[in-house]
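Read the figures in this text as sums done on the coordinates, not as results from a lab. None of these values were measured; they are calculated from a predicted model. Neighbour counts are summed over all protein chains in view; Cβ atoms, including those assigned to glycine, are modelled from backbone coordinates with ideal geometry.
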Amino acid sequence: MKFCSRSSVAVALSAIAMGAIAACSPTTSQDTTNSTDAADSGDSTEAVVNLYSSRHYDSDDELYAAFTEETGIEVNLIEGKEEELIERIKSEGDNSPADVLMTVDVGNLWRAQEAGILQPIESEALTTAIPTNFRDDANEWFALTKRARVIIYNPDEVDPSELSTYEALAAPEWAGRVCIRSSSNIYNQSLVAAKIAELGEDKTLAWIEGVVANFAREPEGNDTAQIQAVASGVCDVAIANTYYVGRLMRSEDPADQDVVSNIAVFFPNQESGGAHVNISGAGVAVNAPNKENAIAFLEFLVTPEAQQLFADGNNEYPVVESVTANEVVRNLGDFKASDLNVEQYGELNPKAVQLMDKAGWK
């Protein structure tokens, strides 16, 4: 199978939207006929949910529209980078209008949890729909989609029989042939954290040192840049998330299709622990003024309708097992996924960063 990038443009937050968010703040006076009941219930009477999201995919707008159509609850969206949103909610404190934090990679959800900006919730719909290894034990965050992190290779330079595991990329025969993005990238940090969970610190450090020694170039760019580097001959193999490949495959740009024609996908570790899988997910903010709406929003996002929109819109794997990936992603092939509890990726993130620094992964 040969495999762009339809760039995702972040939705700009208008002054009107900012006003709408401010209007949802618990410090804003509400209709006096409802204020007492709202105070007693700990929930606003506004038909809104204030979403802070680092998912920058235009396709998510369809999800929000579908939720509003079904429930009458408007979604007020603020977008930003993960660390910026976490710091924003912290600085807003008790008066934060944030109802839901949505982000990519469990490492960011763990950081939000460590910052004390999420709260546990009770939802049978969420705990029933989402497998245990894809949600927090305390129910402070829940996976909404899955992403596999795989090996991308140039079929003109690499026979798939030469490929096996992530660990094998540290072998001498891959010297000068590996591309991967920087150690500051949370996707790579979570992959290393997973290896710590599987192999222990010493073996993981040795693996990282071997991979770094095999770099074809200094780390640069995002996952798409790694795929393009393989296609153009800068390196023979790279590590990237599958949804980036799906975007390339669906692109109508001839340049992207040229990339697709020069790469292929390999799912590693099929004879051992399985391919590394991470998530995007969300949790209810600790001071959510519209808590019940926030829970309703998360519950909607694990319905079959919403899960299919996630899958079709951004080429991600549904977290709900009864929903299938889109055709493009299915064509990448079936694979054995790691069954590690993704919560470990967050817990082991500090150690992963330490080992990457020690190995000289820039």
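General observations
- Remark on Lys336: its backbone amide H falls under 5 Å from those of Ala275, a criterion applied only to residues 5 or more positions apart or on other chains, H modelled at 1.01 Å from N.
- Rounded to whole numbers, the Karplus 3J(HN,Hα) couplings from phi for segment 48-64 are 9, 9, 9, 9, 9, 9, 9, 6, 10, 9, 4, 4, 5, 4, 5, 4, 5 Hz, using 6.51 cos²θ - 1.76 cosθ + 1.60 with θ = phi - 60°, and x at Gly and Pro.
- 12 Å beta-carbon shell around Trp174, net charge (K/R +1, D/E -1): -4
- Net charge over other residues, Cβ less than 15 angstrom from the Cβ of Glu209 (K, R count +1; D, E count -1): 0
- Once the chain from Gln308 to Val234 is taken as fully extended at 0.36 nm per residue, the excess over their C-alpha distance is 23.1 nm.
- Residue exposure proxy: Ser251, Ser280, Ser322, ordered by other Cβ atoms within 10 angstrom of their Cβ from fewest to most, comes out as Ser322, Ser251, Ser280.
- Count Lys and Arg as plus one, Asp and Glu as minus one, and take only other residues whose Cβ is under 15 Å from that of Glu198; the net charge is then -2.
- Shown here for segment 194-296: chymotrypsin sites (Phe, Trp or Tyr not before Pro) in loop regions (DSSP other than H, G, I, E, B) with at most 13 other Cβ atoms within 10 Å, of which there are none.
- Most tightly packed first, judged by the mean number of other beta-carbon atoms within 10 Å of their residues, the peptides 91-102, 64-75 read 91-102, 64-75.
- Amide H contacts for Val319 (H built 1.01 Å from N in the peptide plane; partners 5 or more residues away or on another chain; cut-off under 5 Å): Lys146.
- Of (1) 25.1, 78; (2) 21.1, 73; (3) 19.9, 62, the label for Rg and Dmax of the Cα atoms in Å derived from the coordinates: (2)
- Fewest-first ranking of Asp136, Asp202, using other Cβ atoms within 10 Å as the exposure measure: Asp202, Asp136
- Placed amide H near Ser183: partners under 5 Å, 5+ positions off or other chain: Lys362
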